[in-house]
Amino acid sequence: MITQSLLDITQQDTQLKRVSTHRGGEYHGPCPFCGGKDRFRVQPERDFWTCRQCGLHGDLVAYLVESGRMTKAEAYNARHGGAVPLRGSKTAQLTPPTPEVATPPGKAWQARAWEFVYHCQAALWDDIGKRALAWLRKRGLSDTAIQTGGLGYNSADTWEDRETWGLQGELDKNGKPKRVWLPRGVTIPWFVGPDLWRVNIRRPVGDPKYIGPAGWGNALYNADDLRTDRPAVLVEGELDALTLDALRGIITPCATGSVGGARRARWIAKLALCPVVLVAFDADQAGEDARRYWLKVLPNGRYWRPFWGDANAMHNGGVNLRAWVDAGLRGSHATRHA
């Protein structure tokens, strides 16, 4: 049994400030895992924490595992009422995470994910998906880009047993079995080779905007198209990469899915083989922090910030993305900044 509270333990690793009384109180501060300034959120009454930069999140037990105080085996015991001794934190140094090995989800997860993707692809082009398809077109995506990306539409929130996805059963804080949530929204599959690594779902409302079935693998969106003779443009969102789809003959657009995503040796190595990588994350502080990470690990990385927002926002604002990319590739402004 764990006697310390989520707030007590997180405050051992970072300085938190109470900023809201909503949902029993919310605290903000630097992330103890990626160092993102004021991106770490803790809601003690909900037993929930998250970082809006690196994307890590969970409950108290998940935090203990991430911070090195508890192994996954010990976490299982803790969730079932077992006594577990806590070790000291490993999060004292606020440094970018070391690249890890990237592995796809298991066969059972992929089998269910493929079924889900096929169903949603058919729905997008059916009557039930008309509004979602119109929204994608309004965002500036061509039908070719939508079909190339394999986008689809999940018409209603559904919950499925974890076992259906090949995941080990878990209990929530109320002792009830956790389920896999498939929210309503536009589905975006992530393919690498023959494997399906992830299915991100763009929700029409709610925070976070993007969420997908648990158990996905940390991949690089559009990694298969990277070539040693073609520059790449690295962005955060899949819709930004699809917006740049028309420029595939000039560059390869790739997305990390979040500011902390794709930080794995496999993807870093593939990007490092390109002639140049324009690191073009969103024009905000989180994007700046992500750019600094990638410029440190990519010797061929070049700083290339959007004029505002992201690639999709610029496109919808009338910016000529071909000219924007060409300028970056010419190197007139694309300089390295750590």
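The values are calculated or read from the model by the stated rules, or taken from the named source; none is laboratory data. Keep in mind the model is a prediction, meaning the values are calculated, not measured. Cβ placement follows ideal geometry from the backbone for every residue including glycine, while neighbour counts extend to all protein chains displayed.
Couple of notes before you dig in:
Residues checked against (1) surrounded by fewer than 19 Cβ atoms within 10 Å (Cβ to Cβ); (2) modelled with pLDDT of 85 or more; (3) under 24 Å from the mean Cα position of the chain (by Cα):
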| site | (1), (2), (3) |
| --- | --- |
| Gly25 | yes, no, no |
| Pro32 | no, no, yes |
| Gln43 | yes, yes, yes |
| Arg46 | yes, yes, yes |
| Thr50 | yes, yes, yes |
| Gln53 | no, no, yes |
| His57 | yes, yes, yes |
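- Taking the criterion of being in contact with a helix residue (DSSP H, G or I) (Cβ under 8 Å, 6 or more places away or on another chain) and either in the same structural domain as Phe281 (by TED's automatic domain parsing) or of a type in the set (Asp, Glu) (or both), the residues of segment 10-61 that qualify are Glu45, Asp47, Asp59.
- Out of Arg198, Arg248, Arg202, sole residue that is closer than 27 Å to Trp304 by Cβ and surrounded by fewer than 16 Cβ atoms within 10 Å (Cβ to Cβ): Arg248
- Within segment 244-261, restricting attention to residues that are in contact (Cβ under 8 Å) with a residue 12 or more places away in the chain and out of contact with any helix residue (DSSP H, G or I) (no Cβ under 8 Å at 6 or more places or on another chain), the residue that is nearest to Thr228 (Cα to Cα) is Gly261.
- Flag for Pro299 being of a type outside the set (Phe, Trp, Tyr), on the phi < 0 side of the Ramachandran plot and surrounded by 21 or more Cβ atoms within 10 Å (Cβ to Cβ): no
- Yes/no for Asp284 being out of contact with any Lys or Arg (no Cβ under 7 Å at 6 or more places or on another chain), without any contact (Cβ under 8 Å) to a residue 24 or more places away in the chain, closer than 25 Å to Ile201 by Cβ and not basic (Lys, Arg): yes
- Only listed residue being more than 24 Å from Asn77 (Cα to Cα), at pLDDT below 95 and of a type in the set (Asp, Glu), chosen from Asp195, Asp172, Asp207, Asp157: Asp207
- Total residues in segment 269-286, condition aliphatic (A, V, I, L, M), in a helix (DSSP H, G or I) and surrounded by fewer than 18 Cβ atoms within 10 Å (Cβ to Cβ): 2
- Residue in segment 160-167 that is charged (D, E, K, R), in a loop (DSSP other than H, G, I, E, B) and closer than 28 Å to Ala62 by Cα present: no
- Per the listing Leu239, Leu167, the residue uniquely among the aliphatic types (A, V, I, L, M), buried (at least 16 other Cβ atoms within 10 Å of the Cβ) and assigned by TED's automatic domain parsing to the domain that holds Phe307 is Leu239.
- Ala265 vs. criteria among the hydrophobic types (A, V, I, L, M, F, W, C), modelled with pLDDT under 95, surrounded by fewer than 18 Cβ atoms within 10 Å (Cβ to Cβ) and touching a helix residue (DSSP H, G or I) at 6+ places or on another chain (Cβ under 8 Å): no
- Of the residues making up segment 217-237, one or more are without any contact (Cβ under 8 Å) to a residue 40 or more places away in the chain and in a helix (DSSP H, G or I).
- Condition check for Leu64: of a type in the set (A, V, I, L, M, F, W, C), in contact with a Ser or Thr (Cβ under 8 Å, 6 or more places away or on another chain) and modelled with pLDDT under 90: no
- Condition broken by Val180, with the remaining ones in (1) more than 22 Å from Arg263 (Cα to Cα); (2) touching a residue at least 60 places away in the same chain (Cβ under 8 Å) satisfied: (2)
This table checks each residue for (1) more than 30 Å from Pro275 (Cα to Cα); (2) of a type in the set (Gly, Ala, Ser).
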residue	(1), (2)
Pro177	yes, no
Pro183	yes, no
Pro204	yes, no
Gly215	yes, yes
Ala219	no, yes
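- Of the residues Leu295, Leu271, Leu329, the single one that is at pLDDT below 95, hydrophobic (A, V, I, L, M, F, W, C) and under 17 Å from Arg230 (Cα atoms) is Leu329.
- The set of residues in segment 126-153 that are over 11 Å from Ile188 (Cβ atoms), crowded, with 18+ Cβ neighbours inside 10 Å and in contact with a Phe, Trp or Tyr (Cβ under 8 Å, 6 or more places away or on another chain) comprises Gly129, Ala132, Leu133.
- The lone exception for Asp38 - which of (1) part of a loop (DSSP other than H, G, I, E, B); (2) modelled with pLDDT of 85 or more; (3) of a type in the set (Asp, Glu) it fails: (2)
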